[in-house]
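S.K.: Structure incoming, see below.
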Amino acid sequence: MSVLPAARRFALLAAALAVPTPALAAGPAVSPGDTAWVLVSTALVLLMTIPGLALFYGGMVRKKNILATMMQSFALCALVSVVWMLVGYSLAFTNGNSWIGGLSRLFLNGIGAHWNTAFTLGAGSAAPQPTAIPESVFVMFQLAFAVITPAVVTGAFADRMRFSALLIFMTVWSLLVYAPIAHWVWAPTGWLARMGVADFAGGTVVEINAGVAGLICALVLGRRIGLGTENLAPWNLVYAVTGGALLWVGWLGFNSGGAMAADGRAGMAVLATQLAAAGATLSWSAAEWALRGKPSVLGAVSGAVAGLVAITPAAGFVLPGPALLIGLIAGVVCFVAATEIKPRLGYDDSLDAFGVHGIGGIVGMLLTGVFAFGPLSGGAAVGGAHLLGVQAIAVAASFAWSATGTWIALRLTALVVPLRVGSDAEREGLDVVLHGEQVF
């Protein structure tokens with residue numbers, strides 16, 4: 001009887017105990033640099049909601065409502081993440097038809113099949129868009145957009161919506177309103193995408209959509225108790241400025257991540273975003289200084305956000321000069337909308353979701369049609385009469401769908417729970433009434 005050498009016996013034992021390594025899925029290679037940049041951009045976009053928007057909105061309400069306001073952003077970050085995984089992503093980004101995606105990616109079904117290969121958006125369609133990042137990274141980047149959009153809407157009905165109504169309404173709204181518009185604009189099979197719309201980072205999908213939804217919410221829920229007769233001044237502008245600063249920094253990733261690559265277009269988007277924000281900060285402050293006698297801190301922060309909103313659709317399509325001009329125009333237009341037009345019309349958009357995001361998004365979309373520099377998009381978007389017409393159609397369609405869908409979502413929610421807290425609860429404050437907590 002022969003005895004195997006010790007080394008041979010050890011090798012056989014190791015082979016028997018070894019766990020086989022699954023073969024990597026075949027497919028195009030992932031770019032580490034592009035993947036890293038989009039992951040960083042994703043983190044920056046998520047930072048815009050928590051803590052950015054939570055602090056920004058929280059600082060602009062009264063002390064008795066600050067926790068409830070911040071909770072809205074925090075809760076929506078969790079809620080919409082799950083909704084996006086279950087249904088939203090599939091409706092927004094699978095091929096489907098011109099109006100809505102299909103159901104092939106429910107529960108992110110199939111994402112494990114090619115987890116380590118480069119993702120192609122619209123694979124199998126007439127106009128596929130290859131990337132050098134995994135689909136998981138694309139899903140997460142778009143999830144961060146799906147989170148912040150409904151969070152922006154909450155600014156319009158601050159101080160008065162029930163928390164239970166918020167959760168129901170935003171679930172319905174994310175699927176009925178957000179997902180279809182995202183499909184129209186960003187999926188290769190969407191009807192606006194096929195028309196040639198130029199919306200780099202969400203002038204329609206995020207900004208006009210959120211602003212119009214906020215306007216409808218403000219109209220349906222009605223004005224706050226005490227508006228015009230009581231002091232509704234912001235409780236903590238330090239919070240608001242801190243949140244606004246986080247929004248500014250986060251927006252650099254928000255706008256440049258849409259390039260899906262660490263390349264020159266992403267670099268240009270960062271530069272355009274910075275210049276537009278700077279221009280709008282100065283123009284809003286100048287307008288306020290001229291008309292009100294003093295440039296306010298809240299005005300400067302609001303101006304920055306207006307510029308960031310307006311450059312959102314244009315960031316990957318325009319050069320630095322037009323980017324600065326877009327910011328300068330947006331600062332003045334949004335200042336007038338929020339401080340002059342809103343009071344005259346009498347609607348109570350508490351934190352100016354429509355005046356800044358809705359109006360700023362419209363300004364940015366239309367000016368993209370004027371200033372788009374063809375080489376940045378490989379000739380796909382060239383400023384002129386044709387592109388301006390396409391942009392105007394996209395603005396009108398987004399406005400109409402968001403307004404109609406938001407109204408329907410509110411009415412469906414109202415069948416389940418009342419939308420608004422009672423008058424006594426509103427006077428006492430949402431922190432104590434809805435969450436049993438308060439800031440001292």
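S.K.: Condition first: of a type in the set (Phe, Trp, Tyr) and over 18 Å from the mean Cα position of the chain (by Cα). Can you find one or more residues in segment 300-322 that meet it? Let's see the steps before the verdict.
M.R.: So in segment 300-322, the residues of a type in the set (Phe, Trp, Tyr) come out as 317.
Adding the requirement that they be over 18 Å from the mean Cα position of the chain (by Cα) leaves 317.
For segment 300-322, residues of a type in the set (Phe, Trp, Tyr) and over 18 Å from the mean Cα position of the chain (by Cα): present.
S.K.: Among the residues of segment 412-428, what is the count of those that are loosely packed, with under 13 Cβ neighbours inside 10 Å and out of contact with any helix residue (DSSP H, G or I) (no Cβ under 8 Å at 6 or more places or on another chain)?
M.R.: Of the residues in segment 412-428, 4 are loosely packed, with under 13 Cβ neighbours inside 10 Å and out of contact with any helix residue (DSSP H, G or I) (no Cβ under 8 Å at 6 or more places or on another chain).
S.K.: How about segment 20-94: which helices (runs of 4 or more DSSP H) wholly inside it have at least 3 residues that are farther than 30 Å from Gly429 by Cβ and at pLDDT 95 or above?
M.R.: Qualifying helices (runs of 4 or more DSSP H): 32-47, 89-93.
S.K.: Residue by residue through segment 41-81, note down the ones that are in contact (Cβ under 8 Å) with a residue 40 or more places away in the chain and of a type in the set (Phe, Trp, Tyr).
M.R.: Step one: of segment 41-81, the residues in contact (Cβ under 8 Å) with a residue 40 or more places away in the chain are 41-49, 51-69, 71-73, 75-77, 79-81.
Phe56, Tyr57, listed by residue number.
S.K.: Sticking with this structure for a sec: Is it the case that Ala314 is outside any helix (DSSP H, G or I) and in contact (Cβ under 8 Å) with a residue 40 or more places away in the chain?
M.R.: Here the answer is yes, as Ala314 does meet what is asked.
S.K.: Using the structure shown, decide if Ser98 is among the small types (Gly, Ala, Ser), within 21 Å of the chain's Cα centre (by Cα) and either at negative phi or not in a loop (DSSP other than H, G, I, E, B) (or both). It would help to see each step written out before you state the result.
M.R.: On the way: among the small types (Gly, Ala, Ser): yes; within 21 Å of the chain's Cα centre (by Cα): no; either at negative phi or not in a loop (DSSP other than H, G, I, E, B) (or both): yes.
Criteria not met by Ser98.
S.K.: Is it the case that some residue within segment 130-147 is surrounded by fewer than 21 Cβ atoms within 10 Å (Cβ to Cβ) and either basic (Lys, Arg) or touching a Pro at 6+ places or on another chain (Cβ under 6 Å) (or both)?
M.R.: Within segment 130-147, not a single residue is surrounded by fewer than 21 Cβ atoms within 10 Å (Cβ to Cβ) and either basic (Lys, Arg) or touching a Pro at 6+ places or on another chain (Cβ under 6 Å) (or both).
S.K.: Same structure, new question: Does Val301 fit the bill of being buried (at least 22 other Cβ atoms within 10 Å of the Cβ), more than 18 Å from Val363 (Cβ to Cβ), touching a residue at least 12 places away in the same chain (Cβ under 8 Å) and out of contact with any strand residue (DSSP E or B) (no Cβ under 7 Å at 6 or more places or on another chain)?
M.R.: Values: buried (at least 22 other Cβ atoms within 10 Å of the Cβ): yes; more than 18 Å from Val363 (Cβ to Cβ): yes; touching a residue at least 12 places away in the same chain (Cβ under 8 Å): yes; out of contact with any strand residue (DSSP E or B) (no Cβ under 7 Å at 6 or more places or on another chain): yes.
So Val301 fits the description; yes.
Yes or no, residue by residue, for (1) crowded, with 24+ Cβ neighbours inside 10 Å; (2) touching a residue at least 40 places away in the same chain (Cβ under 8 Å); (3) more than 19 Å from Ala182 (Cα to Cα):
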residue	(1), (2), (3)
Ala330	yes, yes, yes
Phe335	yes, yes, yes
Gly360	yes, yes, no
Phe373	no, yes, yes
Gly379	no, no, yes
Gly384	no, no, yes
Leu388	no, no, yes
Thr406	yes, yes, no
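S.K.: Follow-up question, since we're still on this one. Please verify whether segment 143-159 includes one or more residues that are in a helix (DSSP H, G or I) and more than 20 Å from Phe56 (Cα to Cα).
M.R.: yes
S.K.: Working only within segment 82-129, note down all residues that are buried (at least 18 other Cβ atoms within 10 Å of the Cβ), touching a residue at least 60 places away in the same chain (Cβ under 8 Å), over 13 Å from Ala179 (Cα atoms) and among the hydrophobic types (A, V, I, L, M, F, W, C).
M.R.: Ala118, Leu121
S.K.: Only one of these is under 17 Å from the mean Cα position of the chain (by Cα) and within 23 Å of Leu430 (Cα to Cα): Ala245, Ala213, Ala240. Name it. First the steps, then the outcome.
M.R.: Numbers: Ala245 fails: within 23 Å of Leu430 (Cα to Cα); Ala240 fails: under 17 Å from the mean Cα position of the chain (by Cα).
Just a single option satisfies the conditions, and that option is Ala213.
S.K.: Inside segment 162-217, counting only helices (runs of 4 or more DSSP H) that do not spill past its ends, which hold 1 or more residues that are among the β-branched types (Val, Ile, Thr)?
M.R.: 163-173, 179-186
S.K.: Please verify whether segment 234-250 includes one or more residues that are at positive phi and either in contact with a Leu (Cβ under 7 Å, 6 or more places away or on another chain) or not in a helix (DSSP H, G or I) (or both). I'd like the intermediate steps shown before the answer.
M.R.: Going through segment 234-250, the residues at positive phi turn out to be none.
No: segment 234-250 contains no residue that is at positive phi and either in contact with a Leu (Cβ under 7 Å, 6 or more places away or on another chain) or not in a helix (DSSP H, G or I) (or both).
S.K.: Among the small types (Gly, Ala, Ser) and under 20 Å from Tyr178 (Cα atoms), is that true of Ala29?
M.R.: Taking the combined requirement at face value, the residue does not satisfy it.
S.K.: Could you list all residues from segment 227-246 that are under 16 Å from Ile148 (Cβ atoms) and crowded, with 23+ Cβ neighbours inside 10 Å?
M.R.: Gly243, Gly244, listed by residue number.
S.K.: Please tell me if Pro295 is surrounded by fewer than 24 Cβ atoms within 10 Å (Cβ to Cβ), in contact (Cβ under 8 Å) with a residue 24 or more places away in the chain and either among the charged types (D, E, K, R) or not in a helix (DSSP H, G or I) (or both).
M.R.: no
S.K.: Which residues, taken from segment 337-346, are buried (at least 17 other Cβ atoms within 10 Å of the Cβ) and over 17 Å from Ala290 (Cα atoms)?
M.R.: Lys342
S.K.: If you don't mind, there's one more thing I want to ask. Is it the case, given these coordinates, that Ala68 is at negative phi, touching an Asp or Glu at 6+ places or on another chain (Cβ under 9 Å), among the small types (Gly, Ala, Ser) and crowded, with 20+ Cβ neighbours inside 10 Å?
M.R.: Criteria met by Ala68.
The values are calculated or read from the model by the stated rules, or taken from the named source; none is laboratory data. Every value quoted in this text rests on a predicted model; they were computed, and no experiment measured them. Glycine gets a Cβ as well: all are built from the backbone with ideal geometry, and neighbour counts include every protein chain shown.
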